[in-house]
1. Of the residues that make up segment 199-222, is at least one part of a strand (DSSP E or B), assigned by TED's automatic domain parsing to the domain that holds residue 142 and free of Cβ contacts under 8 Å to residues at least 40 places away in the same chain?
2. Exactly one condition in (1) at positive phi; (2) within 16 Å of ligand 1 (Cβ to nearest atom); (3) modelled with pLDDT under 95 is false for residue 48; which is it?
3. Residue 33 is checked against (1) within 16 Å of ligand 2 (Cβ to nearest atom); (2) surrounded by 17 or more Cβ atoms within 10 Å (Cβ to Cβ) and fails just one. What number does that condition carry?
4. Regarding segment 14-29, can at least one residue be identified that is polar (S, T, N, Q), crowded, with 19+ Cβ neighbours inside 10 Å and within 9 Å of ligand 1 (Cβ to nearest atom)?
5. If you check 213, 252, which single one turns out to be of a type in the set (Lys, Arg), over 17 Å from residue 114 (Cα atoms) and within 13 Å of ligand 2 (Cβ to nearest atom)?
6. Need the failing condition index for residue 234 against (1) of a type outside the set (D, E, K, R); (2) under 23 Å from residue 118 (Cα atoms); (3) away from ligand 2 (no atom under 16 Å from the Cβ), just the number.
7. In segment 216-231, which residue that is surrounded by 23 or more Cβ atoms within 10 Å (Cβ to Cβ) and closer than 18 Å to residue 40 by Cα is farthest from ligand 2 (Cβ to nearest atom)?
8. List the pairs whose first member sits in segment 243-269 and is without any contact (Cβ under 8 Å) to a residue 60 or more places away in the chain, whose second member is in a strand (DSSP E or B) and within 14 Å of ligand 2 (Cβ to nearest atom), and whose Cβ atoms are under 6 Å apart, counting only residues at least 6 apart or on separate chains?
Amino acid sequence: MSTMTPARYRVAERVEETADTVTLALQPVDEPLPVFRPGQFAMLYAFGVGEVPISVSGRFGAGGLLHTVRAVGATSGALCAARPGATLGVRGPFGRGWVLPAPAGADLVVVAGGLGLAPLRPLVRHAAADRDRYGRVAVLIGARTPGDLLYPGEYDEWRAAGVEVATTVDRAAAGWTGRVGVVTALFEELRTDPARTAGFVCGPEVMMRFAARGLLDRGIPAERVWLSLERNMHCGIGHCGHCQLGPLLLCRDGPVAACSTALPLLSVKEL
Ligand SMILES: Cc1cc2nc3c(=O)[nH]c(=O)nc-3n(C[C@H](O)[C@H](O)[C@H](O)COP(=O)(O)OP(=O)(O)OC[C@H]3O[C@@H](n4cnc5c(N)ncnc54)[C@H](O)[C@@H]3O)c2cc1C
Ligand code: FES
């Protein structure tokens, strides 16, 4: 099938993650599931409404994908409203995913702001499942409120696998006994070795800039700090130019880019 023709996927499960965010488990109807790498995205089409880029947030069973969608407008709202049994269109997965360090024993630092944990979850699940391959694995998660934390039911599973998980919120709520403050404040507790650490960051752009600089300040080289960038996307395959960021077409050259490339571009206003 052409990369511009959506394949039919059926909604197998729908989980309400937060007040405005839903995870959909999608099963292909016509073709087997294509291979995807953590950090890639797909174009999800709500028939008759529109098509938007949404990261792959995990695998569903052997043959399906998970996508976590926040309802912010017409198309994401229609996707969030889709019920089990509904049919959606899917193109992809597209783009470059997270680049994992080759040497065995490397430390990983994953920094997520809000919905940014969605594209990072496949990476965390991979690290938790293949724990012996890495040194320390730290996952630092920030959210607006405790109710906005994504996938809280998985954190203990990750911890049990030897992943260090720390959370913080901007605003506490009744019963919250955890940390309050920006996610970069969690860097103080990092015990990873900068010389052998790779960093992975996704969240609102301003948070990514601060988080990336924080990791660089800790001595992690810019070539080993990876950001997942967002721009408007239409074709998803490098043809239309909508997702341009300086010399990059983010659907093709991203969405994941190294800090050494991404930070100079993000510091140019309205690029
Ligand atoms: C590579 C990539 C991966 C993405 N992964 C996810 C994901 O896993 N889950 C998810 O919920 N969303 C994700 N997004 C964002 C998602 O594509 C947008 O929220 C969606 O396109 C909004 O479309 P809409 O028609 O619902 O709303 P629109 O009517 O287009 O927009 C509604 C509001 O949201 C704002 N908005 C639209 N797009 C973005 C954006 N990219 N970033 C910030 N604000 C935006 C608009 O300015 C407007 O204020 C991703 C975007 C990209 C580029
Ligand atoms: S979305 Fe068309 S070139 Fe990237």
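The values are calculated or read from the model by the stated rules, or taken from the named source; none is laboratory data. If you're wondering where the values come from, they're calculated on a predicted model, not measured in any experiment. Every residue, glycine as well, gets a Cβ built from its backbone with ideal geometry; the counts of neighbours run over all protein chains shown.
1. no
2. Residue 48 satisfies every listed condition except (3).
3. Against the list (1) within 16 Å of ligand 2 (Cβ to nearest atom); (2) surrounded by 17 or more Cβ atoms within 10 Å (Cβ to Cβ), residue 33 comes up short only on (1).
4. Looking through segment 14-29, at least one residue is polar (S, T, N, Q), crowded, with 19+ Cβ neighbours inside 10 Å and within 9 Å of ligand 1 (Cβ to nearest atom).
5. Exactly one of 213, 252 is of a type in the set (Lys, Arg), over 17 Å from residue 114 (Cα atoms) and within 13 Å of ligand 2 (Cβ to nearest atom), namely 252.
6. (3)
7. Among them, the one singled out is 225.
8. Hits for this filter: 243/249; 265/245.
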